[in-house]
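Colleague: Can you keep this structure in mind? I'll have questions shortly.
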Amino acid sequence: MGKQTSIAWTDATFNPWWGCTRVSPGCEHCYAEAFAKRVGQKVWGVMAGRRAFGEKHWREPLLWNQRSSLSGKRWRVFCASMADVFEDRRDLEVERARLWDLIERTPRLDWQLLTKRPENINRLIPGDWLAGMPRNVWVGTTAEDRQRWDERTPLLRGVDAAIRFVSVEPQLQDLGDVDLSGIHWIIVGGESGAGARSFHVEWALNLRSQCRAAGVAFFLKQLGARPRVWCDDHNAPHDLD
């Protein structure tokens, strides 16, 4: 069921549109931007348009919802792998409103909304969601370094969602001790692809230990293309072969 995906923490992906604009260091090697360029879609940047989709595309989650009812298995749907649902542009208002309606019409699907713009969430969701989002809405933010963690996670805590999660991917530094209050799930991963930056395994172990102590779910997605581990014999980090 659904559009199969290699993203290990979800079952399917749905994109209400394609395109975005870089906002922080985690965007430097954006896989979605690279893929869009590779297939000839000029949809990245403030001045670029966004790619919209037709009726067949929008009907797909309705079919997934029906199949979920028949199978008895809920599905997680990552929205959106090629965009940011909370990018604040007037030309996206129609598609965004259509997405909110679609989410309400598919209660068997758990919609995972991941954003680098948590400051826009409560302003762009429907007004009646402010008192409590539908139970099938999970909301997350990306925090690739300590600065982004400190800026974004307090905003995420102000969102009334069934599940609030943080994607620490690509993790670019050790986050140190973090405040996990109000957070239900942490996803961690190293960077992949050309030019990938180093990922130290100890960074993930630090977060895992804190999640265990706080009773927060932890998921290690990948070590990435350049994992490193501390080697006591050489008193320095070394690449894993």
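Colleague: Here are the criteria: (1) open to solvent by 50 Å² or more (accessible area, probe 1.4 Å); (2) within 18 Å of ASN120 (Cβ to Cβ); (3) of a type in the set (Val, Ile, Thr). Tell me which single one VAL39 does not satisfy.
Modeller: Answer for VAL39: the failing condition is (2).
Colleague: Looking at VAL46 and the list (1) surrounded by 12 or more Cβ atoms within 10 Å (Cβ to Cβ); (2) of a type in the set (Val, Ile, Thr); (3) in a loop (DSSP other than H, G, I, E, B), which single condition is not satisfied?
Modeller: With (1) surrounded by 12 or more Cβ atoms within 10 Å (Cβ to Cβ); (2) of a type in the set (Val, Ile, Thr); (3) in a loop (DSSP other than H, G, I, E, B) applied to VAL46, the lone miss is (1).
Colleague: Follow-up. Take segment 111-156 and flag every residue that is in a strand (DSSP E or B) and open to solvent by less than 20 Å² (accessible area, probe 1.4 Å).
Modeller: Within segment 111-156, TRP111, GLN112, LEU113, THR115, VAL137, VAL139, GLY140, THR141, THR142 meet the criteria.
Colleague: Every residue in segment 68-85 that is hydrophobic (A, V, I, L, M, F, W, C) and not in a strand (DSSP E or B), please.
Modeller: Across segment 68-85, the qualifying residues are LEU70, ALA80, MET82, VAL85.
Colleague: Among the residues of segment 130-180, which ones are of a type in the set (S, T, N, Q) and within 16 Å of the chain's Cα centre (by Cα)?
Modeller: ASN136, THR141, THR142, THR153, SER167, GLN171
Colleague: Right, here's the next one. Is it the case, given these coordinates, that VAL229 is β-branched (Val, Ile, Thr), exposed (fewer than 15 other Cβ atoms within 10 Å of the Cβ) and touching a strand residue (DSSP E or B) at 6+ places or on another chain (Cβ under 9 Å)?
Modeller: Yes: the conditions hold for VAL229.
Colleague: Given the structure, is ALA83 open to solvent by 40 Å² or more (accessible area, probe 1.4 Å), in contact with a Pro (Cβ under 9 Å, 6 or more places away or on another chain), aliphatic (A, V, I, L, M) and at pLDDT 95 or above?
Modeller: For ALA83, the condition - open to solvent by 40 Å² or more (accessible area, probe 1.4 Å), in contact with a Pro (Cβ under 9 Å, 6 or more places away or on another chain), aliphatic (A, V, I, L, M) and at pLDDT 95 or above - is not met.
Colleague: Do you know which residues across segment 199-226 are crowded, with 16+ Cβ neighbours inside 10 Å and more than 21 Å from SER6 (Cβ to Cβ)?
Modeller: Once the filter is applied, which keeps residues that are crowded, with 16+ Cβ neighbours inside 10 Å and more than 21 Å from SER6 (Cβ to Cβ), segment 199-226 yields HIS200, VAL201, TRP203, ASN206, LEU207, ARG208, GLN210, CYS211, VAL216.
Colleague: Here is a follow-up. Only one of LEU175, LEU205, LEU180 is of a type outside the set (Asp, Glu), assigned to a helix (DSSP H, G or I) and over 27 Å from ALA34 (Cα atoms); which?
Modeller: Going through LEU175, LEU205, LEU180 in turn, just one is of a type outside the set (Asp, Glu), assigned to a helix (DSSP H, G or I) and over 27 Å from ALA34 (Cα atoms): LEU205.
Colleague: Among the residues of segment 48-80 satisfying the criterion of being within 20 Å of the chain's Cα centre (by Cα) and charged (D, E, K, R), which is nearest to LEU114 (Cα to Cα)?
Modeller: Only one residue fits best here, namely ARG76.
Colleague: Regarding segment 8-20, can at least one residue be identified that is open to solvent by 20 Å² or more (accessible area, probe 1.4 Å) and over 30 Å from ASN65 (Cα atoms)?
Modeller: The answer is no; no qualifying residue exists.
Colleague: Let me ask something else about it. If you scan segment 48-68, which residues turn out to be of a type in the set (A, V, I, L, M, F, W, C) and within 21 Å of ALA32 (Cα to Cα)?
Modeller: Hits for segment 48-68 are ALA48, ALA52, PHE53, TRP58.
Colleague: Hey, another quick one. Can you run down the residue pairs with Cβ atoms below 6 Å, 6 or more apart or on separate chains, where the first is in segment 175-189 and more than 12 Å from LEU205 (Cα to Cα) and the partner is of a type in the set (Gly, Ala, Ser) and open to solvent by 10 Å² or more (accessible area, probe 1.4 Å)?
Modeller: LEU180/ALA214; TRP185/ALA217
The values are calculated or read from the model by the stated rules, or taken from the named source; none is laboratory data. Everything numeric here is computed off the predicted structure, so don't read it as measured data. A quick note on method: Cβ atoms are made from the backbone with ideal geometry, for glycine too, and the neighbour counts reach across all protein chains shown. The area values use the complete protein model at the heavy-atom level, side chains included, leaving out ligands, DNA and RNA. Shrake-Rupley method; radii C 1.70, N 1.55, O 1.52, S 1.80 Å.
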